[in-house]
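Step one of this worksheet: look at the structure below.
The values are calculated or read from the model by the stated rules, or taken from the named source; none is laboratory data. Since the structure is predicted, the reported quantities are computational estimates derived from the model, not experimental observations. Counting neighbours? That spans all protein chains shown, and the Cβs are built from the backbone with ideal geometry, glycine included.
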């Protein structure tokens, strides 16, 4: 019996130690993210509730001096303190003014609107705006609250912290990529999250899936790769007479003849596409259209589908 007990202890003790260590690591990981105490700032709207004294309750806007004005007790400086600390200060003032007895002076303060401490999300998200910073807010939570990124969003996100506005941080963010990249970055009150627009190239004309394709930014997109994303040439596609329209730095457009048929055969170098490039594949029956006709496909009022390509 003693041998059985000794054997069981020898097998079970390492498992118990591993479990305890794993639990400790989980606790340490959870503790690394803490919700910052939200302090009152100018412009915030406070709701002050005095229990059993409805006449003394109300909503008050913090002025440019960081103060609110409450009837009977006057001005109270609340900027830079928490809602709980503001409630204690209000209770004290009512007692000092001999309006309420200590046993009757019970206040609560709720920040109805954060004028300057919300999290601003802008750029290529579906619902840009300012979002509440209550609790622990991670980057993915904030972007999800803004409706997620649009099809034209870059794979990089720029984060500007309120306490270090001169040094913005750029992180990779590609939740829909083949290998998702979702960094565990905590966002604090007053921070700004900017989702830039990615580069886009357009494949138009006689292809299976014409539209705009988002450039990943991590590796180049070539003519052959773009044709693959567009499903290849459509019926009667004239791959010998394809045309690339590229906008130069001075705003002028350049037309480049592209022999896609030779690229496929390895007899012509593949071309790397740039942001704004338009690759047009005419049909074998039609004439090669002019630059103006190609550009008109992207004109005002024309709907061009934009795809986030799988090569990410």
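Looking only at segment 161-207, filter to residues that are part of a loop (DSSP other than H, G, I, E, B), touching a helix residue (DSSP H, G or I) at 6+ places or on another chain (Cβ under 9 Å) and surrounded by fewer than 19 Cβ atoms within 10 Å (Cβ to Cβ); which one of those is modelled with the lowest pLDDT?
Filtering first and then ranking leaves 175.
Among the candidates 121, 157, which residue alone is within 14 Å of residue 189 (Cβ to Cβ) and either assigned by TED's automatic domain parsing to the domain that holds residue 212 or part of a strand (DSSP E or B) (or both)?
121
Return the residues of segment 129-147 that are farther than 30 Å from residue 67 by Cα and surrounded by fewer than 16 Cβ atoms within 10 Å (Cβ to Cβ); say none if nothing qualifies.
Answer for segment 129-147, where residues must be farther than 30 Å from residue 67 by Cα and surrounded by fewer than 16 Cβ atoms within 10 Å (Cβ to Cβ): 138, 141, 144, 147.
Determine which member of the set 247, 222 is over 30 Å from residue 116 (Cβ atoms) and under 29 Å from the mean Cα position of the chain (by Cα).
The match here is 222.
Is it true that some residue in segment 139-148 is out of contact with any helix residue (DSSP H, G or I) (no Cβ under 6 Å at 6 or more places or on another chain), over 23 Å from residue 190 (Cβ atoms) and not assigned by TED's automatic domain parsing to the domain that holds residue 215?
No, that holds for no residue.
Taking residue 268 as meeting all but one of (1) over 28 Å from the mean Cα position of the chain (by Cα); (2) within 22 Å of residue 307 (Cα to Cα), write down the number of the exception.
(2)
Among the candidates 109, 62, which residue alone is surrounded by 14 or more Cβ atoms within 10 Å (Cβ to Cβ), touching a helix residue (DSSP H, G or I) at 6+ places or on another chain (Cβ under 8 Å), within 30 Å of residue 161 (Cα to Cα) and at pLDDT 90 or above?
109
Looking at segment 27-38, can you tell me whether even one residue there is buried (at least 17 other Cβ atoms within 10 Å of the Cβ), modelled with pLDDT under 90, assigned to a loop (DSSP other than H, G, I, E, B) and outside the structural domain of residue 100 (by TED's automatic domain parsing)?
Looking for residues that are buried (at least 17 other Cβ atoms within 10 Å of the Cβ), modelled with pLDDT under 90, assigned to a loop (DSSP other than H, G, I, E, B) and outside the structural domain of residue 100 (by TED's automatic domain parsing), one finds at least one in segment 27-38, hence yes.
Taking the residues in segment 208-225 that are out of contact with any strand residue (DSSP E or B) (no Cβ under 7 Å at 6 or more places or on another chain) and modelled with pLDDT of 90 or more as candidates, determine which candidate is farthest from residue 276 (Cα to Cα).
Once the filter is applied, the top-ranked residue is 208.
Condition check ((1) at pLDDT below 90; (2) farther than 13 Å from residue 201 by Cβ) across all residues:
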| site | (1), (2) |
| --- | --- |
| 227 | no, no |
| 247 | yes, no |
| 265 | no, yes |
| 273 | no, no |
| 283 | yes, yes |
| 291 | yes, yes |
| 299 | yes, yes |
